[in-house]
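**Q** The following block contains the structure, expressed as structure tokens.
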Amino acid sequence: MTLSIVVAMALDRAIGKDNKLLWRLSDDLKRFKELTTGHAILMGRRTYESLPNGALPNRRNIVISRTLTSLPDAEVFPSMDEAIKALCEQEEEVFVIGGGKIYSSILDRADRIYLTQVEARFPDADTFFPQINQTEWVELSREEFPQDERNEYPSALVILSRKK
Ligand SMILES: NC(=O)c1ccc[n+]([C@@H]2O[C@H](COP(=O)([O-])OP(=O)(O)OC[C@H]3O[C@@H](n4cnc5c(N)ncnc54)[C@H](OP(=O)(O)O)[C@@H]3O)[C@@H](O)[C@H]2O)c1
């Protein structure tokens, strides 16, 4: 099974504040939908709670929580290990979609990172992506996107693969 992280991160590694995103990037959300639709997505309990309409449609929603035992629209696992063990047998690729706590515990095991690099800084953010050790990763592709009326900041979609 390929374990893929999907994250939008600012230049200072900020990813969120007050359990919300820090920007409006419509085209990035569109790309996120295309990438993850039809697949399993794995998230922390707080990221699940940040979704305005609950589980994301047309995807297998997996939530990691020590405090919840069930949800009406998602599968709940008490630890990352248990979730990955169950998914390994059933899925070819799992997309880990946040947030900060989940990224920190999965980065060392991830095979791939779909990174949206947001070209801005957010000094008062409260959630950050862990440091990526560039020596462990190879850049497969990079695409630049300008700021416009639907995308608050310029960004780049970078696909990183763990070096063999
Ligand atoms: N920019 C992006 O790409 C992006 C993506 C996703 C989220 N975000 C942002 O990130 C922020 C949320 O991140 P966060 O770090 O506060 O929360 P989070 O990682 O989404 O969820 C944390 C919760 O997940 C559960 N959890 C985490 N690790 C666990 C483990 N190893 N074993 C069992 N349970 C575990 C715990 O739930 P219990 O407390 O229930 O035990 C924990 O409180 C928000 O601001 C959100 O908007 C940004």
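The values are calculated or read from the model by the stated rules, or taken from the named source; none is laboratory data. Being a predicted model, the structure only gives us computed values, none of them experimental. All Cβ positions, glycine included, derive from the backbone under ideal geometry; neighbour counts span all protein chains shown. Quick note on the areas: whole protein, heavy atoms, side chains included, nothing else; ligands and nucleic acids left out. Shrake-Rupley method; radii C 1.70, N 1.55, O 1.52, S 1.80 Å.
**Q** If you place +1 on the Cβ of every Lys and Arg, -1 on the Cβ of every Asp and Glu, and leave all else neutral, what size is the dipole of the stretch 12-66 about its Cα centre, to the nearest 20 Debye?
**A** 160 debye
**Q** Another question about this same structure. Just need the Rg to Rh number for the stretch 2-162, please, alpha carbons only, Kirkwood Rh.
**A** 0.94
**Q** Work from the charge dipole of the stretch 2-162 (Cβ charges, +1 for Lys and Arg, -1 for Asp and Glu, about the Cα centre) and give the residue of 159, 125, 40 farthest towards its positive end.
**A** Of the candidates, 125 comes out farthest on the positive side.
**Q** Related question: Using a Förster radius of 22 Å, what is the FRET efficiency between residue 92 and residue 33 based on their Cβ-Cβ separation? Nearest 0.05, please. Before the final figure, lay out each step's value.
**A** Working: r = 19 Å, r/R0 = 0.86.
Between residue 92 and residue 33 the formula returns 0.70.
**Q** Let me know the longest stretch in the chain that avoids all GluC sites (Glu not before Pro) found in a DSSP loop with at most 12 other C-beta atoms within 10 Å.
**A** Value returned for the longest uninterrupted segment is 1-88.
**Q** Excluding residues fewer than 8 places away in the same chain, name every one of the aspartates and glutamates whose C-alpha is closer than 17 Å to that of residue 85.
**A** 75, 93, 108, 111
**Q** Relative contact order of the stretch 2-162, please, whole-number percent, based on alpha carbon pairs below 8 angstrom and at least 6 residues apart.
**A** Relative contact order comes out at 35 percent.
**Q** Still on this structure: Where nothing but the Cβ of Lys and Arg (+1) and of Asp and Glu (-1) is charged, how large is the charge dipole of the stretch 2-162 around its Cα centre, in debye to the nearest 20?
**A** On the way: 20 positive and 26 negative charges, 68 e Å.
The dipole magnitude comes to about 320 debye.
**Q** Let me ask you something else. With a 1.4 Å probe and all protein chains left in place, how much accessible area per residue does the chain have, in Å²? It would help to have the intermediate numbers written out before the result.
**A** On the way: 9150 Å² over 164 residues.
Normalised by residue count, the accessible surface of the chain is 56 Å².
**Q** On to the next question. Counting only protein heavy atoms and a 1.4 Å probe, tell me what percentage of the stretch 2-162's accessible area is made up of carbon and sulfur.
**A** 49 percent
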